[in-house]
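To start, the structure under review is shown below, and the notes come after it.
The values are calculated or read from the model by the stated rules, or taken from the named source; none is laboratory data. A quick note: this is a predicted structure, and the numbers were derived from the prediction, not measured. All Cβ positions, glycine included, derive from the backbone under ideal geometry; neighbour counts span all protein chains shown. Heavy atoms of the whole protein, side chains included, go into the accessibility calculation; ligands, DNA and RNA do not. Shrake-Rupley method; radii C 1.70, N 1.55, O 1.52, S 1.80 Å.
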Amino acid sequence: MKDCQKIVVFTGAGISAESGISTFRDKNGLWENYDAMRLASIDGFRDDPKAVLDFYNARRLQLSKVAPNHAHYALAELEKKYDVTIITQNVDDLHERAGSSRVIHLHGELAKVTSSRETEDDKCIKYYPLNLPICIGDKADDGSQLRPYIVWFGEYLRYMDEARQEVENADVFIVIGTSLVVYPAAGIVGYARNEVPKFLVDPSSMEGHLPYGFKHIKAKATEGVDSLINEIKSL
Ligand code: APR
């Protein structure tokens, strides 16, 4: 594959699984043990803000204790030869910590907080130390209750259009570690041009979920990225 060509990678929880962060829908996944609508929705936050803050404070603290894995580093390394954009559903910062310079977060970022009145008000979106709990009574700059900068179910995805354009312009499109069941994010795979090479890395069979035209590398992220990079080199 010629240098500097555009590679777009769409990632999900699976790429961070080997760093010790649970996925959502696998056996013992987060939504197997926690009620998603109670803890990751605006109604849940209104009903019981303390329960929601406790849930995210625990995930933020966990994130401060884990590190990127070989899959994150391998994608960052690709930037040396190619124009790489990462579009992630993940709220962790492991892509950035591995050195990826262009990361679009569709579902928000655990390392940031925002206003509960206007979540996408840039004046209120701030980095917040991962080991500092967000508490009832903590105020955003607009005086509203502080909340994690996470896109909860049913909330608006601010970067969806930007991400769609990236996928439309990709010379190679890659999907790693997502069950492709959560929309609108999962719909992004449909924007890759027919003629471009498309790969999907996931250890599960993806039965009924493998999008048309994708070559399935049936492996865990840390193993699959090496065969993936060999495939890219031989394009
Ligand atoms: N390497 C690669 N993929 C893996 C690994 C691994 N080590 N372990 C599991 N997987 C795969 C699973 O087979 C599954 O297809 O990762 C996928 C994880 O799927 P989900 O748990 O559904 O996570 P994801 O697709 O990222 O969820 C999408 O749902 O809950 C919301 O907002 C949340 O962003 C999240 C969205």
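Which value, in debye to the nearest 20, describes the size of the charge dipole of the chain about its Cα centre when Lys and Arg Cβ atoms bear +1, Asp and Glu Cβ atoms bear -1, and nothing else is charged?
That gives a dipole near 300 debye.
Give me the tail of P(r) for the chain as a percent: Cα-Cα pairs with distance above 28 Å.
30 percent
Show which aspartates and glutamates lie in cross-link reach of Lys126 when reach means a straight Cα distance below 18 angstrom and same-chain residues fewer than eight apart are skipped.
Once the sequence-local aspartates and glutamates are set aside, what remains near Lys126 is Asp92, Asp93, Glu96, Glu109, Glu118, Asp138, Asp141, Asp142.
Report the gain in length on full extension from Leu61 to Arg117: 0.36 nm times residue separation, minus Cα-Cα distance, nm rounded to one decimal.
My answer for the length gained is 17.7 nm.
How big is Rg to Rh over region 66-199, alpha-carbon atoms, Rh as the Kirkwood inverse-mean-distance radius?
Rg/Rh: 1.00.
Taking a probe of 1.4 Å, how large is the accessible area per residue of the chain, in Å²?
Result: 47 Å² per residue.
Which percentage, to the nearest 5, of the DSSP beta bridges contained in the chain is antiparallel?
Bridges in the chain are about 30 percent antiparallel.
Using a 1.4 Å probe and counting only protein heavy atoms, arrange Lys220, Lys80, Lys112, Lys139 so the residue with the most accessible area comes first.
Sorted by accessible area, descending: Lys80, Lys139, Lys220, Lys112.
Near Lys220, which lysines are there with a Cα under 18 Å away, not counting those fewer than 8 places off in the same chain?
Lys27, Lys198
Restricting the count to DSSP beta bridges whose residues both fall in region 71-201, what percent are antiparallel, rounded to a multiple of 5?
The antiparallel proportion sits near 55 percent.
Can you tell me the order of 147-157, 56-66 when each peptide is scored by its average per-residue count of other Cβ atoms within 10 angstrom, highest first?
For the peptides 147-157, 56-66, the packing ranking is 147-157, 56-66.
With label points built 7 Å along Cα→Cβ from the Cα atoms of Lys80 and Asp141, find their separation and express it in nm.
3.9 nm
How about Lys6: which aspartates and glutamates have a C-alpha closer than 16 Å to its C-alpha, ignoring those fewer than 8 places off in the same chain?
Within reach: Glu77, Glu79, Asp83, Glu162, Glu166, Glu168, Asp171, Glu195, Glu231.
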